[in-house]
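**Q** Just passing along the structure, written as structure tokens.
The values are calculated or read from the model by the stated rules, or taken from the named source; none is laboratory data. Just so it is clear, the model here is predicted, and its values are computed rather than measured. When we count neighbours, we look across all protein chains shown, and the Cβ atoms used for this are built from the backbone with ideal geometry, even at glycine. These accessible areas exclude ligands, DNA and RNA; they are computed on the full protein's heavy atoms, side chains included. Shrake-Rupley method; radii C 1.70, N 1.55, O 1.52, S 1.80 Å.
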Amino acid sequence: MATTPKQRYESFYRASIEDRDTFWTEQARLIDWHTPFTRVLDYHTPPFAHWYPDATLNLCHNCVDRHMAARGSQNALIWVSTEVEQTQEITYAQLHAMVNQAAAVFRDMGVAQGDRILIYMPMIPQALVAMLACVRIGAVHSVVFGGFAAHALASRINDAAPKLIVTADFGMRAGKVIPYRPLLQEALHNVTIAAPHILMVERRLALENATTFPSLDWDQEMQRHSGARVAPVPVPSSHPSYILYTSGTTGTPKGVQRDTGGHAVAMRASMQHIYDLRPGEVMFTGSDIGWVVGHSYIVYAPLLTGATTILYEGLPIRPDPGIWWSIVEKFRVSVMFTSPTAIRLLKKTGPDWIHNHDLSSLRYLFLAGEPLDRETHRWVAGHLQGRVIDNYWQTETGWPILANHAGLGLMDIKFGSPTLPAYGFDCRLVDEKTGEPVRAHEKGSLMIKPPLPPGCMTTVWGNDQRFVETYFSRFDHSLYATFDYAMRDEDGYYFILGRDDDVINVAGHRLGTREIEEVLCTHPAVAEAAAVGVKDALKGQEIVALVVVVKEGTPPSEQELKELVAQKIGAIARPKDIFRVPALPKTRSGKVLRRSIQALAEGRNPGDLPTIDDALVLDQIRDTINKH
């Protein structure tokens, strides 16, 4: 009888790998099926996995309709905006009515099963309603982060070829109004597809110049369809639920395509086994619906569970660094999820903001999005009295590859480790050149033996060949490449070492950016760090690092930090230069723009960066480097 969390995990994980059909049949009971499945997996054309291939279902029904009898008066959604200082609570019954109205609007505009709807919106309730209404009628949504630059938006419009674009006139970020209409207008001037219909949420946050493209008003259309009822359309399990374009793509954007049946099962099961969120509880995910975390853990997983999800428009430090903790206190949040970047930002402001709030309802804080360094993990766990859980996954997988399974009972937490493989993921750590397995404490490329479990991408939108060539062609034997380095200790715990293309080559010595950054972050005055390789005529590359220091205390000297790296890694890793900067350049999803730092350090122009969060940071870094 499995008694310890580790034993329960091992038994559960083994069943998911060794008896796949039985295991995923059991998980599928968490979902309502319109046509039940008779087969669990069709894997006749590897690496393409078709889960529950003969079943039909509707994702919106599973998120909304099936909760109506028991949870109609419970909040499905709580919108909190510190940008416009508004809060709105929406019950499952109210959400059901709104989604039906929006579905009727979409149908009236000619959208049918299989058509695409592009959603280009801020973090407002209408965005979530639009996503659910889309899958209700069997259409496929593609959410593009609100405020994305025009040329990036145009490339996604061209690739998805939507029949309808749902957008807003304005977004807001850090108190600044962002006009969406001019960005969309410029994008539409540069597309080659037939002009899509436009449905506009008019927020009227500022005056704006007239635009030339016609659009319908969201509020007027919703009012016109008041009281509408649109039956959920059952679609095949393999029917695409959405397309999500990965950030940082160049050339043709890469659209991650997710199915419907496998996605629904994976989301609901992850709530039970990994995140331990129960029906009726409240989940607060500090992310954006433009990213995969928002799709999975703001929208679909909490609603599939019958929980309450918090949709937050704003920054974690405005109006003050206690805002997120005040939300946890006010709405009795049970499970919170955000990125290590957000916690490092809060770490700079000190722990008092945490201690000033009653967080007794909070069982877990989950962190994912980029590698979580040991010091940040240790800091936030110390101030939240533990239960801070690192988990590792990707846009492509949609849910964790590596995780501590809270629903099975937490295993021992090791700072900086996302623990062990999630059920269904047959993880392999291999030598990057030979593909042979590596031993404990050796660095290897993290790979997954297919078939990928339910919920993972099924292909690249419109390009099966690109799916195979990008993810399954690294070695002769078919393995899915995560493109991350990792190390496994003697207990089997994984430690992510960073992207396997984030390698600095100093005189033939290959050094991962992550290991240098980890060492810099062990200094108590360093909040976060980024390391890059810059060209050097003699050594090939030299190391340049940027550090952001905490507000209290004495900042470390450059020499002190250089010695720290040399002492912990070796003299070969001693950075040539270490610059103290106010912030690191990041995408809006929190990823550090290392190639931009590298360009500035080498005196080059970093180019156009549509995903950057704050372009002024690059100017500050350029000035710091030039003064050196």
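**Q** Run through segment 256-361 and list the trypsin sites (Lys or Arg not before Pro) located in a DSSP loop whose Cβ has at most 15 other Cβ atoms within 10 Å.
**A** Those that pass, being in a loop and sparsely packed, are Arg332.
**Q** I would also like to ask the following. As a quick test, which of the pairs Lys347/Lys586; Lys163/Lys591; Lys576/Lys627 have an alpha carbon distance above 21 angstrom in this structure?
**A** Values: Lys347/Lys586 17 Å; Lys163/Lys591 31 Å; Lys576/Lys627 16 Å.
Cα-Cα > 21 Å for Lys163/Lys591; rest within.
**Q** Round to the nearest 0.05 the FRET efficiency obtained for Leu30 and Asp412 when R0 = 22 Å and r is the Cβ-Cβ distance. Provide the component values of the computation, followed by the final result.
**A** Details: r = 28 Å, r/R0 = 1.27.
Once the sixth-power term is evaluated, E becomes 0.20.
**Q** Another question about this same structure. Tell me, in nm to one decimal, what length is gained between Asp42 and Glu552 on full extension, where the rule is 0.36 nm per residue of separation less the Cα-Cα distance?
**A** 177.8 nm
**Q** In whole Å, how far is the Cα centre of segment 471-499 from that of segment 162-185?
**A** One Cα centre to the other: 39 Å.
**Q** Tell me the label-point distance for the pair Lys330, Glu490, using the 7 Å Cα-to-Cβ offset, in nm and rounded to one decimal.
**A** 5.0
**Q** Net charge near Phe12, counting Lys/Arg +1 and Asp/Glu -1 over other residues with Cβ under 15 Å of its Cβ?
**A** Net local charge, Phe12 excluded: -2.
**Q** Specify whether the C-alpha gyration tensor of segment 230-334 places it in the rounded, prolate or oblate class, a ≥ b ≥ c being the square roots of the eigenvalues: rounded for a/c under 1.5, otherwise prolate if a/b is larger than b/c and oblate if not.
**A** The shape class here is oblate.
**Q** Still on this model: Count charges around Asp159 for me, please; just the other residues with Cβ under 10 Å from its Cβ, Lys/Arg as +1, Asp/Glu as -1.
**A** +3
**Q** Moving to a separate point now. Taking R0 as 56 Å, what FRET efficiency do you get between Asp608 and Ser11 from their Cβ-Cβ distance, rounded to the nearest 0.05? Display every interim value, and only then the final one.
**A** Details: r = 51 Å, r/R0 = 0.91.
With a Förster radius of 56 Å, E is 0.65.
**Q** I would also like to ask the following. Going by amide H atoms built from the backbone, whose H comes under 5 Å of the H on Leu216, apart from near neighbours?
**A** The answer is Ile198, Leu199, Met200.
**Q** Tell me the relative contact order for the chain as a rounded percent, counting alpha carbon contacts under 8 Å between residues six or more apart.
**A** 11
**Q** Any chance you could run the full-extension gain for Arg363 through Thr470? It's 0.36 nm times the residue separation minus the Cα-Cα distance, nm to one decimal.
**A** 34.7 nm
**Q** Output the relative contact order of segment 313-365, whole-number percent, from Cα pairs under 8 angstrom with separation of 6+ residues.
**A** About 50 percent, as a whole number.
**Q** While we're looking at this one, here's another question. Compare the peptides 386-392, 42-48, 467-473 by average per-residue count of other Cβ atoms within 10 angstrom and give them in order, highest first. Display every interim value, and only then the final one.
**A** On the way: 386-392: 22.4, 42-48: 13.4, 467-473: 16.3.
Ranking the peptides 386-392, 42-48, 467-473 by packing returns 386-392, 467-473, 42-48.
**Q** When ligands, DNA and RNA are left out and all protein chains stay put, how many square angstrom of accessible area per residue does segment 512-628 have with a 1.4 Å probe?
**A** 47
**Q** Could I have the simple spin-label model distance between Glu436 and Gln385, label points 7 Å from Cα toward Cβ, reported in nm to one decimal?
**A** Reported label-point gap for Glu436 and Gln385 is 5.1 nm.
**Q** Leaving out ligands, DNA and RNA but keeping every protein chain, what accessible area does Asp623 have, in Å² rounded to the nearest 10, with a 1.4 Å probe?
**A** Taking all protein chains as shown, Asp623 has close to 80 Å².
**Q** Related question: If amide hydrogens are placed 1.01 Å from N in the peptide plane, which non-local residues have theirs closer than 5 Å to the one on Phe366?
**A** Close amide H contacts, sequence-distant or interchain: Met336, Phe337, Thr338, Ile389.
**Q** Need the full-extension length gain, Leu616 to His628, defined as separation in residues times 0.36 nm minus the C-alpha distance. One decimal, nm. It would help to have the intermediate numbers written out before the result.
**A** Values: separation 12, 0.36 × 12 = 4.32 nm, distance 1.90 nm.
Here the segment from Leu616 to His628 would lengthen by 2.4 nm.
**Q** 222 nm [θ] for the chain, helices only, -39500 (n - 2.57) per DSSP H run of 4+, per residue, to 500?
**A** -8500 deg cm²/dmol
**Q** With a 1.4 Å probe and every protein chain left in place, work out the accessible area per residue of segment 240-317 in Å², rounded to a whole number.
**A** Working: 1300 Å² over 78 residues.
Roughly 17 Å² per residue, with all protein chains present.
**Q** Which aspartates and glutamates does Lys568 reach when only Cα atoms under 18 Å apart count, and residues fewer than 8 places away in its own chain are ignored?
**A** Of all the aspartates and glutamates, those that pass the test against Lys568 - Cα under 18 Å, at least 8 places apart if same chain - are Asp373, Glu375, Glu442, Glu515, Glu517, Glu518, Glu528, Glu542, Glu558, Glu560, Asp577.
**Q** Cβ under 14 Å from Leu609's Cβ, Leu609 left aside: what net charge do those residues give with Lys, Arg +1 and Asp, Glu -1?
**A** Working: positive: Lys586, Arg588, Lys591, Arg594, Arg595, Arg604, Arg622; negative: Asp608, Asp613, Asp614, Asp619.
In short, +3.
**Q** Take the solvent-accessible surface of the protein heavy atoms, probe 1.4 Å, and return the percent of it on segment 417-505 that carbon and sulfur atoms account for.
**A** Details: 1570 of 3470 Å².
Ligands and nucleic acids excluded, carbon and sulfur reach 45 percent.
**Q** Separate question: Take Ala69, project a point 7 Å from its Cα along the Cβ direction, then tell me which residues of segment 305-338 have their backbone nitrogen under 16 Å from it.
**A** Only 306 pass the distance filter.
**Q** Computed FRET efficiency, Cβ-Cβ of His509 and Asp108, R0 51 Å: what is it to the nearest 0.05?
**A** Details: r = 63 Å, r/R0 = 1.24.
Once the sixth-power term is evaluated, E becomes 0.20.
**Q** Quick one: if you stick a label point 7 Å off each Cα along the C-beta vector at Asp21 and Ala571, how many nm between them?
**A** Between Asp21 and Ala571, the simple spin-label model gives 6.3 nm.
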